[in-house]
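Please read the structure below before turning to the comments.
Only the coordinates and a few stated rules stand behind these numbers; no lab work does. The shown structure was predicted, so the numbers you read here are calculated from the model rather than taken from an experiment. All Cβ positions, glycine included, derive from the backbone under ideal geometry; neighbour counts span all protein chains shown.
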Amino acid sequence: MSLQKKVAGFVLGSGAAQAAIILRGILIARFIGAENMGIAATFVAVTTFIELLSTTGADRFLVQDPEGGEPKAAGTLHAIGAIRGVVLCIILAAIALPAAKLFEAETAIVGYFALALVPLIRGLQSVDPIVQQRALKTRATILVELYSQVFALVAGATAAYVLGDWRAAIVAVLVQAFIAMLATHAFATRPWNFTFDRELATRSFRFATPLFVSGVLLFFALQGDRIAISIADRLRGESTYTLADLGRYAVAGSIALLPIRTCANLARSVFLPWIIQSECDEVAARRRRDVIVLFAMIAVCYALVAATIGGELLTLLFGKEFGDMSELTAILCAAQGIRMLRVTSNVAAMARGDSMNTMFGAFGRTSGVVVAVAFAIAGLPLSVIASAAVFGELVALGWCEISLRRRHGIRAGPTAGVLVGALAVLGASVLGWSMQFIFNGWVALIVGLGVLGSMLAIGWCVSATVRSECRGVLSAVRGRAV
């Protein structure tokens, strides 16, 4: 199958899964209201913590390691995943009560205990769908994600309609984890087994340690602003933010994260093995530049659309109870657009067996959390707190690119293209936001896209580099890139 079909199939499948996530969020929010969504947002913080701490780096280690396709590699990671799942289950059960008190949601204590089951279930997954990615076979990975999210949509929406409170979020999370676990076994081509190879385990731990540290840091990077909002009043000794504010912020933030999930999965499942299979460093560098151009185009268009009509769409979909989220959406989506470009740095390093780059980016991103916490304690508006995410992503992107240049050479990190892409994302956000004050949202979108198209056309006419990179992307998508 050509690369074009692989990318198209992955995008369609992942897009359908993300659509299920969006629809689930809309239906749950509609049925349970802003305050209960605030409680659900604390569950999201905990489940994100679970996901990031429970990572073994299996999806990347098995793809890039020379012995990743051997049965002993899968068996070793099955054993590591199961043990880690049990340990995390015990830890989360132990911190359930403190977490409920921290978020001032003692009435939802049962939900925090229930979340302890998530890592236990995920620890029983088969890694064979990941092994299949070594041959650029992504069908199993796509279907696992799609089936789990569709079942979670049905279960979550039904529970929200029947129960009408935060319990719907718990049902959705548990169903998603359980169906994903079953699907990994259903689409596996080899039997699930437990083995332990000391050398492979050592390499796996060495590879996964920076990813584990990145997981801890990324948790605070992605959830730190929400945690700050939820506990800021206690720190300041006066009431500024409500659970409804937290719910509003969580909705805008969750929508902003959707494209980055698809792009990150696409990069790991398709572009990482594609770059690894390069015949030489020059080909690998050219392929990474093609990925940068593709992701920059996606990020710029996404930022422009989010800044112009994102807020109106969210108010229409989630209800007027959540208020105007236009400014929040524009800022948070701009931050995630910059993060899309950072994914290309992480993948370029990962192709060389370097997982440290991801950790460096996570360190850089936490700088935005520090700023967000300071803004929350000062009682500043939610939009100002959100702007700290943009600052953190810019620092993270710069750090990742510097790491690529120093550790792997200039060819591995075409910094200029990435930074231009980041500036273009910010420019698209500002353009879209300013257009709202001149036209209504949809007209502003049309005008903004027209301006963006004109800029691309001018760049095509005057820049040989732009023409070369765009042709490279088209060749890659058509499966003819070398």
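Inter-label distance, Cys280 to Leu163: 5.9 nm, where each label sits 7 Å from its Cα along the C-beta direction. Computed over neighbours whose Cβ is under 13 Å from that of Val425, the net charge equals +1, Lys and Arg +1, Asp and Glu -1.
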